[in-house]
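Asks: Just passing along the structure, written as C-alpha cells.
The values are calculated or read from the model by the stated rules, or taken from the named source; none is laboratory data. All values reported here derive from a predicted model rather than from experimental measurement. Because the Cβ atoms are built from the backbone with ideal geometry, glycine has one as well, and the counts that use them run over all protein chains shown.
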C-alpha cells in the first residue's frame, strides 16, 4: 500500500494510494515528521541566547520572555507551517479535492469541480537554485475553450520527485480519461 | 455517465416510501429533498408537487423509491416499488433499499427507454439544514453577475440553490393532517425562538420611529442656515462632522423599512447594526472611564501647559535656527527677519490660548459628552483637537512652503534665462528666446541673490515640513483606527466563528466505509470561508481614500515646495 520515495530536497516521503471504487481514488503523500533533534537544537539555542542576555542585563524578564517566545513559536509552527500529509482525492464526474493536514491536526481543503478541470500535468519549475518537477491541475477558462485560467500546484510542501509524480499522474489520468470516453448524458 | 444521488442524512432512518426531489439531467445528479410515505394517492402526490413547483420555481418530481425493511428482504415489496415506476414515470427510476441497520445500501436504476449497461452510482450524504441555510460564495474569478435561475455554471451552486429554494416543501411536518406524509429535516416540527419573534415584531415600530427622527435631523442639517460661508468651511474641515454624517447614513440604511432582497444587502445591514452597537458601547465605556474621578478635569488642566510647552519648544527651535544651526552659516539678515516673524506668530498664538484658558474645562466637559455617540466620534474629536492645537505648525509650514516654492520657481525661470530659453505658456514647452542685454543683467543679478538666499529658506522649509509631517502622521494613524472600526464586518466574523456553515467557500467530501458491490458512499460537508475572504467580501465602504500620491510624487511635491494634503476625503474637490 505504502511506497517510499524521496522528496526534491532528499528527505524520505511515503505515497499511499487507495482505490475506493472504479471512479474514485485517493493518493496521499506523507512528509517527514518533525525531528526531535532539530526541535531541541532550536530550543537550546534560544535559551542559551536568553541566558546570555540575562547574565548581561540581570533582568529575569528575559528568561520568561524566551520561554514564552519558544512556546508561541512552536504552536504557530505546528499549526500554520508544518504540513504532515498532502492528499489528492479524485472522484470521477464530481471533482478533485486537495487536502493538506498540518501537524496540529488542522486540515485545509479545496474542492475543484470536474467541469473546471482541464487537465492534470507535470510541469517544471525553477525553485531557489534547482529545477524541480511538480504536479499541477489546469483549470478551464470559461470564455476560451483552449485557454487555461489558473494553474493549481499540488504537493507543494512535500515536493516529491519525478518517479512518485509519475505514479500519481498515471492514477489521475486513468480517471480523467473516463470522462472523455463516457458519452454525455442527454 | 456516473449517476450521483444526493441523499439527506436526516432521511436515513425514514420509513419506506417514494423519493421526491430534483433531477439535474446535465450533471446526471438527483437531489433528494424528502421521502413521501405510504399510504398515498398518486394523483394527490402529483398535485402537491405541481403546487410546490409553482410556488418555489424548482422542478420537483418523484425520482424513485426508498425501502427500509427492518426484517428480511420482502420480495413482493420490491416488485410493488418497481411498479410504482410506471405510475410516476421518471427516467431513470432510482431504487434505494436499506436492510436492517446496515450502513451499506444498495442502489439500482431502472431505465425503460435506453439500454445502457449498469452505470456506477455514487451516494452522497448531505446535511439538509446546513445546506439550506448556507450561502455559497463563488471564487472571485468566476463570480459573474448572471442570474442564479438559469445557467448554473457551477454544479454545486445548482444543488445549494435547489435545497435553499425548497423551503415550502419543508413546511409540512408530520403533525399536519394532510394526505401527504413527508420526512425531511423539519418533519419533527418547525422550531422558532420567542425572543427572535418578539424582536421581529418590535422592530417595525422602532424602525419607523428612527426613520422619522432621522428625517428631522437630516432636514435640519440641510437647512439654509448652516450653508453660510464660515460655517460650511468649518463643517468641511472638521473630521468629526464627516464621521457623524457617515454614521447618519448608516442609521438611514438600517431604519429603512424595505426588506433586504439579497444576501449581500442583509449582511450589510446586519454588519452596520452590530458595528454601530459596538461603537456606541465602547464610546459609553470610554465616557464612563473619563468622567469617573474627574479625569476629564485633569485632562483639561494639562491641556494648557502642554500647549505652552509645545510653543516653548518651537521658540527654542527658532532661536537655534537663528543662530548657526548644525554648523551651517545662514544669511544673517534674512534669518533674523524670518525668525522674528515666526516668533511673533508664536507669541500671538500663546496669547490666544491664554485668553481661552478659563473656558477650556467647560468646553472639554461638554465635548466629552459626545463620546456617547461612539468611539469613532471620540477619536475624530481627538484628531480635531490635535489639528487645532498644532494650527501654528500648519501656518508655519504654509509660509515656509510658499516662500520656498516661489524661490524655486524663480530660480528655475532665471536659470532658463541664463541659457537663453523661455517657458512658452501657449505651447507648454521650453522655447529659445533672445533677451536684451539689460534683461540679462537684471536676470543674472536676481538669480545670484536668490541662489545665495536658498539655503536659509530651504532650512526653514525643511524644519517646518518635518514638523507638519509628524502631525500628519499622528492624525493619519487616528483616522486609520477610525476607518478600521467603521469598515470591519463584525457580524460576518461572528457568524463565521459561531455558525461557520452559513458562509460557505465550497464543499469537502469525505469517503465513508465502502463495501464491494455497493455504491460509493461519500459525505458532503460545507467548507467554510476563510476569515480573510470574509473580511474582504463583506467590508463596509468608508468615506476616506488612502494616500493617492505614491512615494515618488510625494517626494517630488516636497522638493518643489507644493503643499501636500496626503489624506484626501472622497467627495472633496481637488485643491
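Asks: If I ask for residues that are more than 9 Å from chain A (Cβ to nearest Cβ), part of a loop (DSSP other than H, G, I, E, B) and at pLDDT 85 or above, which ones from the range B:510-525 would you list?
Replies: Answer for the range B:510-525, where residues must be more than 9 Å from chain A (Cβ to nearest Cβ), part of a loop (DSSP other than H, G, I, E, B) and at pLDDT 85 or above: B:512, B:513.
Asks: Go through the range B:494-506 residue by residue and tally those that are surrounded by 17 or more Cβ atoms within 10 Å (Cβ to Cβ) and either more than 13 Å from chain A (Cβ to nearest Cβ) or modelled with pLDDT of 90 or more (or both).
Replies: 5
Asks: Sticking with this structure for a sec: When the residues of the range A:146-155 are narrowed to those that are closer than 22 Å to residue A:91 by Cβ and not in a strand (DSSP E or B), which ends up nearest to the other protein chains (Cβ to nearest Cβ)?
Replies: Going through the qualifying residues, I end up with A:154.
Asks: Which residues, counting only those in the range A:125-150, are farther than 22 Å from residue A:176 by Cβ and surrounded by 13 or more Cβ atoms within 10 Å (Cβ to Cβ)?
Replies: A:127, A:132
Asks: Right, here's the next one. What are the residues in the range B:547-575 that are at pLDDT 65 or above, in a loop (DSSP other than H, G, I, E, B) and loosely packed, with under 10 Cβ neighbours inside 10 Å, if any?
Replies: Across the range B:547-575, the qualifying residue is only B:550.
Asks: Tell me which residues, restricted to the range A:2-52, are within 14 Å of chain B (Cβ to nearest Cβ), free of Cβ contacts under 8 Å to residues at least 24 places away in the same chain and under 20 Å from residue A:102 (Cα atoms).
Replies: The answer is A:16, and nothing else.
Asks: Right, something else. Do we find that residue A:108 is within 12 Å of chain B (Cβ to nearest Cβ) and either farther than 27 Å from residue A:10 by Cβ or part of a helix (DSSP H, G or I) (or both) in this structure?
Replies: No; evaluated as a whole, the condition is false for this residue.
Asks: So which residues in the range A:118-145 are within 12 Å of another protein chain (Cβ to nearest Cβ) and either in contact with a strand residue (DSSP E or B) (Cβ under 7 Å, 6 or more places away or on another chain) or closer than 30 Å to residue B:120 by Cβ (or both)?
Replies: A:139, A:140, A:141, A:142, listed by residue number.
Asks: Here is a further query. Would you confirm whether any residue within the range B:342-357 is closer than 30 Å to residue B:399 by Cα, part of a loop (DSSP other than H, G, I, E, B) and touching a residue at least 24 places away in the same chain (Cβ under 8 Å)?
Replies: no
Asks: Another question about this same structure. Which residues, taken from the range A:66-95, are within 14 Å of chain B (Cβ to nearest Cβ), buried (at least 16 other Cβ atoms within 10 Å of the Cβ) and free of Cβ contacts under 8 Å to residues at least 60 places away in the same chain?
Replies: Within the range A:66-95, A:94, A:95 meet the criteria.
Asks: Looking at the range B:165-223 only, could you name the residues that are within 30 Å of residue B:241 (Cβ to Cβ) and not assigned by the TED database to the domain that holds residue B:252?
Replies: Of everything in the range B:165-223, nothing turns out to be within 30 Å of residue B:241 (Cβ to Cβ) and not assigned by the TED database to the domain that holds residue B:252.
Listed here are the residues, each with its yes/no results for (1) touching a residue at least 40 places away in the same chain (Cβ under 8 Å); (2) in a helix (DSSP H, G or I); (3) on the phi < 0 side of the Ramachandran plot; (4) not assigned by the TED database to the domain that holds residue B:369.
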{"position": "B:256", "(1), (2), (3), (4)": "yes, no, yes, yes"}
{"position": "B:259", "(1), (2), (3), (4)": "no, no, yes, yes"}
{"position": "B:273", "(1), (2), (3), (4)": "yes, yes, yes, yes"}
{"position": "B:279", "(1), (2), (3), (4)": "yes, yes, yes, yes"}
{"position": "B:283", "(1), (2), (3), (4)": "yes, yes, yes, yes"}
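Asks: What are the residues in the range B:526-539 that are in contact with a helix residue (DSSP H, G or I) (Cβ under 6 Å, 6 or more places away or on another chain) and within 12 Å of chain A (Cβ to nearest Cβ), if any?
Replies: B:526, B:528
Asks: Follow-up question, since we're still on this one. Being more than 45 Å from the chain's Cα centre (by Cα) and modelled with pLDDT of 85 or more is the requirement here; does residue B:270 meet it?
Replies: The answer is no for residue B:270.
Every residue, every condition in (1) under 30 Å from the mean Cα position of the chain (by Cα); (2) in a loop (DSSP other than H, G, I, E, B); (3) modelled with pLDDT under 75, yes or no:
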residue	(1), (2), (3)
B:125	no, no, no
B:130	yes, no, no
B:157	yes, no, no
B:165	yes, no, no
B:169	no, no, no
B:180	no, yes, no
